[in-house]
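Down below is the structure, laid out as structure tokens.
The values are calculated or read from the model by the stated rules, or taken from the named source; none is laboratory data. Computed from a predicted model, the values in this text were never measured in an experiment. As a convention, Cβ positions derive from the backbone with ideal geometry for all residues, glycine included, and neighbour counts pool all protein chains shown. With ligands, DNA and RNA removed, areas are computed over all heavy atoms of the protein, side chains included. Shrake-Rupley method; radii C 1.70, N 1.55, O 1.52, S 1.80 Å.
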Amino acid sequence: LYTRGGLKVGLSMPSIVNGISPNNMVSQIGYLTKISDLHSVGADVIYKTESNNNRSQIEFGAKYVFDDKILFGLGARQYGEFILSFGYKPSKKWIIVYGYDFISGNLKGRFAGSHEILLKYKLVEHIK
């Protein structure tokens, strides 16, 4: 993940960790800006691909951050799913986020929503 100011750009290949060939990729670009000492707002776009299945997905998100500690997010995917998330940042290195995907459209009758929990620890603040 590359960050500079409020800009963040990232690329990941999660299948490499599982020992599978790097057919899946996730790319992300986003921006967060302070609108006052206590309030920040941001937006991001995430693009996911699965080259072995020839599938892709795009996700748009918006977030509000209060006092650099409390996060509220809302997102939408191209197939009609909506994401609601809440997060807490107890320190500069840790963040905990809970998200729920609401299913709509053609998938609504076949799938329930899904819960996600993210626990993130930042190893390095800045590399020069």
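Remark: residue 60 matches the filter, which requires a residue to be in contact with a strand residue (DSSP E or B) (Cβ under 6 Å, 6 or more places away or on another chain) and either modelled with pLDDT of 85 or more or within 20 Å of residue 26 (Cβ to Cβ) (or both). Take residue 26 and decide whether it is open to solvent by less than 70 Å² (accessible area, probe 1.4 Å), at pLDDT 95 or above and either in a strand (DSSP E or B) or closer than 21 Å to residue 115 by Cβ (or both). Against the criterion (open to solvent by less than 70 Å² (accessible area, probe 1.4 Å), at pLDDT 95 or above and either in a strand (DSSP E or B) or closer than 21 Å to residue 115 by Cβ (or both)), residue 26 does not qualify.
Considering (1) modelled with pLDDT of 95 or more; (2) in contact with a Ser or Thr (Cβ under 7 Å, 6 or more places away or on another chain), the lone condition that residue 74 does not fulfil carries the number (2). Residues considered: 40, 91, 36, 21. Of these, the only one that is at pLDDT 95 or above, loosely packed, with under 12 Cβ neighbours inside 10 Å, farther than 23 Å from residue 112 by Cβ and of a type in the set (Ser, Thr, Tyr) is 36.
Being open to solvent by 60 Å² or more (accessible area, probe 1.4 Å), basic (Lys, Arg) and at pLDDT 85 or above, is that true of even one residue in the stretch 99-122? Yes: the stretch 99-122 contains one or more residues that are open to solvent by 60 Å² or more (accessible area, probe 1.4 Å), basic (Lys, Arg) and at pLDDT 85 or above.
Of all the numbered requirements in (1) out of contact with any Leu (no Cβ under 8 Å at 6 or more places or on another chain); (2) open to solvent by 60 Å² or more (accessible area, probe 1.4 Å), residue 59 misses one, and that requirement is (2).
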